[in-house]
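Heads up, the thing below is written out as structure tokens.
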Amino acid sequence: MHPVLIAVPTALAAGAVVAYGTAHPRAQLFGRTICSTNSARKLALTFDDGPNPSITPKLLDLLDRYNAKATFFLIGRYVRECPELVQETVARGHEVGNHTELHPNLLWLNPTKVRVELRLCHDAIRGAVGTPPKWFRPPFGIRNPWVIPAARELGSRTVMWTLLPGDWKERPVEWLVPRLQPIAGHAKRNLGNGSNRAAAGTGDVLCLHDGGHRELNSDRSRTLAALQYWLPRWRDLGLEFVTIGDAVSIPAP
């Protein structure tokens, strides 16, 4: 066979592998990530692109209503504009994570620029709440070979997701609510209807948005409305709403 006929499919296959490692939420090609909880009973609620003064306070109140804890992946420049909101988020028992300084697509940045993006957000969060973030989520979920190592240098583990329903899109809440149905489907399958038996397997990490990376005060009212619908239903199915820290912690014997 002609060498070109061998080389072309090989190159295409290699490109497909790299593309998978770059964007797929469960890919581990460029380093280990967290993409599920350690119990089918645990649902990790996560929110990107905040803090957002127009939505985050309302979201915190909604989470309190259902005794739900969550992890907020924050943009550094917004942290500097709204440090009190970050402090309130942590005071209410939630965790905060690094979502870079300006929310760029890290795929196109060299290692130095990746480190700068992560370091600036890391320092902003530490300045606001007094402790550095333990968690990192890359903007758009995009990774290259130096993204996860850069987070690890700062003491942060990289967090992806099992469900990304697209709540940032300009669609009505009637479009968004059904896109959260897989969480309930997994709970019914793994926990049973009202069953108290020990949960086997892993649980979901849900990626939603309380802010928008282009500007403060983005409208995320659809996200709030969808959660108002689903939180009581997920709770009644036996799900526990946890932070990423609780999602990966090992229960005491």
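Values for this structure:
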| item | result |
| --- | --- |
| Cross-link pairs beyond the 23 Å C-alpha cut-off, checked among K134/K169; K58/K113; K69/K134 | K134/K169; K58/K113 |
| For the chain: relative contact order, % (alpha-carbon pairs under 8 angstrom, 6 or more apart) | 32 |
| Share of carbon and sulfur in the accessible heavy-atom surface of the chain [1.4 Å probe, %] | 57 |
| Cα→Cβ-extended label distance, 7 Å offset, between L216 and E153, nm | 3.0 |
| Taking all pairs of distinct alpha-carbon atoms in the chain, Kirkwood radius in angstrom | 18.9 |
| Cut-off 13 Å between beta-carbons: net charge of the residues surrounding G21, Lys and Arg +1, Asp and Glu -1 | +3 |
| Gaussian network model of the chain, springs between alpha carbon atoms under 10 Å - residue of V96, V79, V129 with greatest fluctuation | V129 |
| Cut-off under 5 Å, modelled amide H: who pairs with L74 long-range | G97, N98, H99 |
| Gaussian network model of the chain, springs between alpha carbon atoms under 10 Å - residue of F47, F73, F30 with greatest fluctuation | F30 |
| E88, E215, E101, E240, reordered so the largest accessible area comes first (probe 1.4 Å) | E215, E240, E88, E101 |
| Cβ charges +1 (Lys, Arg) and -1 (Asp, Glu), total dipole of the chain, debye | 660 |
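The values are calculated or read from the model by the stated rules, or taken from the named source; none is laboratory data. It should be emphasised that the depicted structure is a prediction, and the values quoted were computed from it without experimental measurement. No Cβ is skipped: glycine too gets one built from the backbone with ideal geometry, and neighbour counts run over all protein chains shown. What goes into the accessible areas is simple: the full protein's heavy atoms, side chains included, and nothing from ligands, DNA or RNA. Shrake-Rupley method; radii C 1.70, N 1.55, O 1.52, S 1.80 Å.
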